[in-house]
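What follows is one structure encoded as C-alpha cells, with my remarks underneath.
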Amino acid sequence: MSVKERDPLTGHQTTGHEWDGITELNTRVPRAVWFFIIITHVWALIAWLLLPTWPLVSTYTKGLLGLDQRDEVAQKIAAAQQARADWSDQIAMLPVQEILAEPLLMDRVNSTANQLFGDNCAGCHGQDAAGGPGFPSLVDDAWLWGGDPDIVMETLRVGINSDHPDSRYAEMPAFGRDGMLSRDEIRSIVAYLPTLSGAAAGDVSAGAVLFADNCASCHGEKGEGNMDLGAPDLADDFWIYGGDRDALFKTLWDGRQGWMPAWEGRLSETDLKLITTYLQDLREEDRQ
Amino acid sequence: MMSNLTRAERGTAMLITGIGVLIGLAMAALGHGDALGAHGWIVLIFCAVLFFIVADAFYSAEPVEDRAAAYYDDPTKVGIMISLIWAVIAMGMGVWVAAQLAWPDLRFDAPWSSFGRLRPVHTSGVIFGFGGNALIATSFHVMQRTCRARMPGQISPWFVLLGFNLFCIVAASGYLMGVTQSKEYAEPEWYADIWLVVVWVTYFVLYMRTLAWRNEPHIYVANWYYLAFILVVAILHIVNNLAVPASFAGAKSYSAFSGVQDAMTQWWYGHNAVAFFLTSGFLGMLYYFLPKRAERPIYSYRLSILSFWGIVFFYMWAGSHHLHYTALPHWVQTLGMTFSVMLLVPSWASAGNALMTLNGAWHKVRDDATLRFMMVAAVFYALSTFEGSFMAIRPVNGLSHYTDWTVGHVHAGAMGWVALITFGSIYALVPMLWRRAGMYSPKAVEWHFWLALAGTVIYVFAMWNSGIIQGLMWRSYTEAGSLRYSFVDSLVAMHPYYIARAFGGLLFLIGACIGLWNVAMTVRHAPARNPARDYPTSSETMEPAVPVAE
Amino acid sequence: MFRTILRPFSKLFEFHARSHYRMERHSMALTVGIIIAAGIGGIVEIAPLFTIDETVEAAPDMRLYTPLEQAGRDIYIREGCYACHSQMIRTLRDEVERYGPYSLAVESQYDHPMLWGSKRTGPDLARLGDKYSDDWQVRHLVDPRALVPESVMPHYAALLDTPLETASLPGRLAALRAVGVPYSDEMIAAAAEDAAGQAQPDNVRADGVFERYGDDTAVRYFDGRRDRVTEMDALVAYLQILGKLTDLPQQLTLAEE
Ligand code: HEM
Ligand code: HEM
Ligand SMILES: [Ca+2]
Ligand SMILES: [Ca+2]
Ligand SMILES: [Cu+2]
C-alpha cells in the first residue's frame, strides 16, 4: 500500500507507507540540523587535532598542544604554590609566636586551617578541637606531650603510637587484663584517684599505696603526669577517656594506647605549622 | 488467559516451569548457607507458582477460534500491570533512599535497610522493573501492530516477560541480602546475568520472527529502536558481566576485567545502558504512541534515519565521559567528550522530530493529559541530552562529576523523559488493549500529570542547586589560595536540598500510585468499546478482532 | 557558500536515505547494520587499553591484597559503600590538595572490579589508609554520628558481631587468580588461616601472613576484639590499606617537585 499522499496541513509528501494508522512525512532534514552537524563536527575535529585522541596499536596521537592531564595538574599545583609563596614562605620561616602577632598572616592561617583541620583532624578532635571520648581536647591546658608549638608540631609530624619510625610511643598498661592487679586492687585505686584532684573521699589508703607502687613511676607521685612519657595528668579535670568510675576501671583493666596518625608525608611542613599556629590561636581565644 | 493456550502448549509451559523448579531446587541445595541458596528458593517458589497456575487450568477449554485472527495481547496486559507495580515499589524505594540522605536514621536497624543496599533496589527497580517491563510490554504491542502480524509462538512471549521478572526479583532481593557485583546498573551476580542472557536471546528471536511474519514491506522506525535496544543491550550485558565465580555453590564472582580496563568497560556499558535501555527503547515507544495519539504523521522520515543511526553510532563512543580526569588515559577522554557533543545532534533531531509531529495537534496537547505526558517527555529528553552533552565537556565535568548535579541530570532524563513517556504510553495503550472507551478517570490522569511534572521539577532543581553548590564548594579557594571548605561543610549545605528532593520524589510517587489505581479501575470498570480495526492482516477474517477469551 | 559546503554532505545523506529505504525492508540487514554501527566505538576505545603499555604504570612494589583485606573489600562491595564513596582522586588541583596525589591506573590493577565510584556523598577514600586509627574506623562504622555529628552515613554496627566467614577464601583467591591476580598456590591454600592470623597478632597463624605477604603487612586486632575475627576486622583491614599498595603516586609527586 505504497500510495504517496500529501499532508493537507504542511503540504509535505508522505513516504507512502502506513503502519497501524501511522504515516510519515518525507520532510527534508532542516537546514538547522546540517548547520548543527557542521559546528559540532568541526569542533570535534579541532579537538582531535589539538589533544591526545586517536589510539594506534601501541601508542596514540598526542595532539598539537602536547597536553596531558598529569602535566597539567602538576603545573597548576606548582603555580598555586608559587602564588601563595608570599605568605607561606613566611609561615615556614617565622616562629609561631611571631606569626601569631602578625594579623595579616593570621588571617591566612585561619582561612586555611578550616579545611585542613576540618578534613584531617575534626573526625577525631571535633570541628571545634574540643576532643571527645578517646580523643584529647586541643584547646584546653592539659597536654600529654606538651603544648609548646615545637612539641605539638613534632607530635603532628610523627604521631602517637603510629607507624612512623619516630613515632611517639605511649601505653597505659593493661593492669587487669594482663594480671598485674586484681579487680579489688583496681577498684581501690579507682576510689583513690579523685582525691588527687582534691575531692573528698573515705578511706583510700589502700589505693594510695597501690598507686605509689604501680602508677607513680609514670604519672608522678601526685598524679601530676609526665610529658616525657606522654602520661596524662590525673590531678586535673581533663579526661581523655572519662573520669567516672566505669571509665577509670576500664582504663586500668584494659590499658589504653591512643593512636594519633603521623601527618608527615600527608601534610606538608608548612601545613603542620599552620595547624599548630591555628591551635595556639584557638586556645588563646578560648582563654579570653 | 490460559484459554488462549492449547493443551500441548500448557504442557510445554509446565515442562519449562517444572525445569525451573528443579533448577531452583538445585540452587537451593548447592548454595545452602549462601545467598545463592536463598535465591534457589525464590526461583523455586516463582516457578512452582507458575506451574500450579498452568496445571490448575490444564483441563479447561482449549481455544476454538483461529488465533491468528487476533493479536496476542495477554502478555502485554500482564506486562503493563507488572510495570506499574514495579513503578510504585521502586519509586517508593527512591523516596525512602532520598529521605535517608536527609534523615539518616530513617531506617530499620537491620543491615538490609542501609542506603548502600537499598539504592540499587531503587535504580534497578525503576530501570529494569518499571522501564524494562514497560519496554517489553509495549514492544509486544508495537511490533504486532506495525507488522500487522500476530507474535509467532504462544509460550515465548510469556517466557520473556516472566523470565525477565524473575531476573528482576532475583536482582532486587539479592541487593537486600548484599549480593552485588557493584557494577552500576549491572549489579546482579553471575547466575542472574546468565539467566538474563537466556531471556534476552529468546526476546531477540521472538522479535526477529515477528518481523519475519510481517505484512508490511517496510519496518517501522519504532521497531528499529526496539531492535537496537534488544541487540545492543545484549552485547553490553554479555561483555560487561564477564566474571569468574568464586564457587559454583556461592553467589560471589569477580569481574574478568580490573582497574582501568574495567572502568572503561563498565562505563561503556553504563552509558549505553542509558542509550539503549533508557533511550532507544523509549524512543520506540514515542515513535508509536505519540503519532498515534496525536493522529499526525511523523514530521520527517529522513530525520528519523539521521537520528537513529546517529544515536546508534555516536552513543557507543561516549562512555568515557564518566571517567574524565581519572586514571583513564587522556586520549580516551577526548574521544568521549567529542563524541558526546556530536551526539547532541541526533538526540535533538529525534526530540525535534517528535515535537514537530505535534504540529497541527497542539490543541490536543492542551486538552489531553496523555498526549501532554508525551510532549513534556520529549521536552525533557531534549533537555537532558543537552545537559548530558554539556556535562560531557571535560572542564564542566570537572565540576559536575561526583556531585548531585549528575543525579539531577539522571532524573531529568529518568523521571522527565523515561517515566513520563512510559506513563503517557500506558495511558494511551490501556484503553486500546482492554477495549475501553477511555481511562476510568481522565481527571486522575490530569492529576498524575501535574504531580509528576511538579515532582520532577522540584527534584531536578533541588539537585542542580545542591550539585553545583557542592562542586563549587569543593573547589572554592580563599584569598590565601587555600581550599575554603572542608568536606563536612559541603555536606551540611546539602541538607535543605535533600529534603526538597525527597518531597519532589514523594509527589512523583503519589502520581505513580494514582496511575496504578486508575489503570486497575479502567480494566475493571471503564465502559467497553470495540476498536475500529485491530487485527493482523494475515488473518482471513476481515472483522474487527475480539480477543478469543472475550 | 553554505550550500556549497553542504552539498557533498547532503549528497551522501541522500544516498544513505535511499539505500536505507531498501535496507529497512530486511530485518537481518538492520540487525547487521546496528551491530556494526554500535560495535566500532567500544572496540576503538577498549582494545587499545590492553595494547598501549603506558596505560598502566609499572610499579614494582605493587602488593596484593591479603585474604583478610580481600574479604574486607568484598564486604565493602556487599554493603554498597561505593554508592557514596569514590576511590579515584582526579587530576584536578583541588582534589590533589584535599585528598593527596592523584590516583594511578596501576593502583587498581588487581581490583576486580574497580571501585572508582561515580558519586561522592561521602569523601573520597583512595588515600584513606592510616589516616585514622583502627579504633576510629570501628567507632565510626558503629555510629558515624557519634564522631561526625553532621554525617549522613549509615551505621554498620552489625559487622562487629558477625564472625568472618573464611572458608570460602581459598575459592575466592583462586577465582581472582583466574582473572589475573598473581596469588601463589600457597597463598590460596592458606587463605583462611592467613585471614584469621592477620587479625590475631598473638596467634601463631600471624607468622604465615608475614611470610607470604611481607613484613610490612599490618597484623593487628583491627576491631579491638581479641576473642574472634569479625567482618569488622576485615573491613577495617581493607580500609587501612587503601592507597598503600604502592608508593608510586607519592614518588611521582616528589619527582615533580
Ligand atoms: C519517586 C521518584 C524518585 C526518587 C525520590 C528518586 C530518588 C533517588 C535517589 C535518592 C537516588 C540516589 C542519589 C544519590 O546517590 O545521591 C537515586 C538514584 C537514581 N535514580 Fe532515582 N528517584 C526517583 C525516580 C527515578 C526514576 C523514575 C528513575 C528511572 C527511570 C530513576 C533512576 C535513578 C538512577 C539511574 C539513579 C542512579 C543515579 C546515579 O548513580 O548517578 N529514579 N534516585
Ligand atoms: C546526549 C545524551 C547524553 C549525554 C551526552 C549524557 C552525558 C552524561 C554525563 C556527562 C554524565 C555524568 C557522568 C559523570 O560525571 O559521572 C551522565 C550521567 C548519567 N546520565 Fe546522561 N547523558 C545523556 C543523556 C541521558 C539520558 C537521556 C538519560 C536518562 C534517561 C541519562 C542518564 C544518565 C544516568 C543514569 C547517569 C548516571 C550514571 C552514573 O551512575 O554515574 N543520560 N550522562
Ligand atoms: Ca551483573
Ligand atoms: Ca552512579
Ligand atoms: Cu553517560
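The values are calculated or read from the model by the stated rules, or taken from the named source; none is laboratory data. Quick caveat, the model's predicted, so the values are computed rather than measured. Counting neighbours? That spans all protein chains shown, and the Cβs are built from the backbone with ideal geometry, glycine included. When the accessible area is computed, the model is the full protein with side chains, heavy atoms only, and any ligands, DNA or RNA have been set aside. Shrake-Rupley method; radii C 1.70, N 1.55, O 1.52, S 1.80 Å.
The table for this structure:
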item	result
Looking only at segment B:320-329, and only at residues there that are of a type outside the set (S, T, N, Q) and open to solvent by less than 10 Å² (accessible area, probe 1.4 Å), the one that is farthest from the chain's Cα centre (by Cα)	B:A327
Among the candidates B:F390, B:F289, residue that is assigned to a helix (DSSP H, G or I), more than 8 Å from every other protein chain (Cβ to nearest Cβ) and open to solvent by less than 10 Å² (accessible area, probe 1.4 Å)	B:F289
Residues that are under 23 Å from the mean Cα position of the chain (by Cα), assigned to a loop (DSSP other than H, G, I, E, B) and more than 16 Å from ligand 3 (Cβ to nearest atom), drawn from segment B:220-254	B:Y220
One residue from B:T403, B:T422 being open to solvent by less than 10 Å² (accessible area, probe 1.4 Å), closer than 22 Å to B:T326 by Cα and either among the small types (G, A, S) or out of contact with any Pro (no Cβ under 9 Å at 6 or more places or on another chain) (or both)	B:T403
Any pair with Cβ under 6 angstrom, 6 or more apart, that starts in segment B:233-249 at a residue that is at positive phi and open to solvent by less than 30 Å² (accessible area, probe 1.4 Å) and ends at one that is in a loop (DSSP other than H, G, I, E, B) and more than 16 Å from ligand 5 (Cβ to nearest atom)	none
Scan of segment B:165-190 for residues that are away from ligand 1 (no atom under 16 Å from the Cβ), assigned to a helix (DSSP H, G or I) and touching a helix residue (DSSP H, G or I) at 6+ places or on another chain (Cβ under 7 Å), ordered by number	B:N165, B:L166, B:F167, B:I169, B:V170, B:S173, B:G174, B:L176, B:M177
Checking B:L101 against (1) open to solvent by less than 20 Å² (accessible area, probe 1.4 Å); (2) without any contact (Cβ under 8 Å) to a residue 60 or more places away in the chain, the condition it does not meet	(2)
Any hit, segment B:260-282, residues being open to solvent by less than 20 Å² (accessible area, probe 1.4 Å) and in contact with a strand residue (DSSP E or B) (Cβ under 8 Å, 6 or more places away or on another chain)	yes
Selection from segment B:393-417 of residues that are more than 15 Å from ligand 4 (Cβ to nearest atom) and more than 29 Å from B:R296 (Cα to Cα)	B:I393, B:R394, B:P395, B:V396, B:G398, B:L399
Residue selected from segment A:85-99 under the condition in contact with a helix residue (DSSP H, G or I) (Cβ under 6 Å, 6 or more places away or on another chain) and touching a residue at least 40 places away in the same chain (Cβ under 8 Å), by the criterion nearest to A:V139 (Cα to Cα)	A:V96
Residues of segment C:74-103 that turn out to be under 12 Å from the mean Cα position of the chain (by Cα) and either at the interface with another protein chain (Cβ under 10 Å from one of its Cβ atoms) or buried (at least 23 other Cβ atoms within 10 Å of the Cβ) (or both), as a count	9
Residue within segment A:47-55 that is buried (at least 17 other Cβ atoms within 10 Å of the Cβ), within 27 Å of B:T537 (Cβ to Cβ) and out of contact with any Lys or Arg (no Cβ under 6 Å at 6 or more places or on another chain) present	no
So B:G319, is it facing chain C (nearest Cβ under 9 Å) and within 14 Å of ligand 2 (Cβ to nearest atom)	yes
Number of positions in segment A:57-92 that are in a loop (DSSP other than H, G, I, E, B), of a type in the set (D, E, K, R) and at the interface with chain B (Cβ under 8 Å from one of its Cβ atoms)	1
Any hit, segment A:159-180, residues being open to solvent by 20 Å² or more (accessible area, probe 1.4 Å) and part of a helix (DSSP H, G or I)	no
From B:V379, B:V418, residue being assigned to a helix (DSSP H, G or I), among the β-branched types (V, I, T) and either within 16 Å of ligand 1 (Cβ to nearest atom) or at the interface with chain C (Cβ under 9 Å from one of its Cβ atoms) (or both)	B:V418
Single residue of B:G481, B:G504, B:G511 found to be surrounded by 18 or more Cβ atoms within 10 Å (Cβ to Cβ) and assigned to a loop (DSSP other than H, G, I, E, B)	B:G481
Out of C:Y156, C:Y213, sole residue that is within 10 Å of chain B (Cβ to nearest Cβ), among the aromatic types (F, W, Y) and touching a residue at least 40 places away in the same chain (Cβ under 8 Å)	C:Y156
Pairs, first more than 10 Å from chain B (Cβ to nearest Cβ) in segment C:6-29, second among the aromatic types (F, W, Y), C-beta under 8 Å, six or more apart	C:L6/A:W34; C:F9/A:W34; C:S10/A:W34
Candidates B:A351, B:A273, B:A327, B:A382 - the one that is within 16 Å of ligand 4 (Cβ to nearest atom) and among the hydrophobic types (A, V, I, L, M, F, W, C)	B:A273
Every residue from segment C:119-137 that is closer than 22 Å to A:G118 by Cβ, in contact with an Asp or Glu (Cβ under 8 Å, 6 or more places away or on another chain) and within 12 Å of chain A (Cβ to nearest Cβ)	C:P123, C:D124, C:D130
Answer residue from segment B:189-242, given it is more than 9 Å from every other protein chain (Cβ to nearest Cβ) and acidic (D, E) and is nearest to B:S173 (Cα to Cα) among those	B:E189
Selection status of A:G11, part of a loop (DSSP other than H, G, I, E, B), in contact with a helix residue (DSSP H, G or I) (Cβ under 8 Å, 6 or more places away or on another chain) and over 27 Å from A:E269 (Cα atoms)	no
Qualifying residue in segment A:199-210 (condition: closer than 14 Å to A:A170 by Cα and out of contact with any Gly (no Cβ under 7 Å at 6 or more places or on another chain))	no
Single match in B:F314, B:F204, B:F257 (criterion: within 16 Å of ligand 3 (Cβ to nearest atom) and either surrounded by fewer than 24 Cβ atoms within 10 Å (Cβ to Cβ) or within 30 Å of C:L115 (Cα to Cα) (or both))	B:F257
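Per-residue answers, yes or no, for (1) without any contact (Cβ under 8 Å) to a residue 12 or more places away in the chain; (2) within 12 Å of chain C (Cβ to nearest Cβ); (3) in contact with a Gly (Cβ under 9 Å, 6 or more places away or on another chain); (4) within 16 Å of ligand 1 (Cβ to nearest atom):
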residue	(1), (2), (3), (4)
B:L323	no, yes, yes, yes
B:M342	no, yes, yes, no
B:S350	no, no, yes, no
B:L399	no, yes, yes, yes
B:D404	no, yes, yes, yes
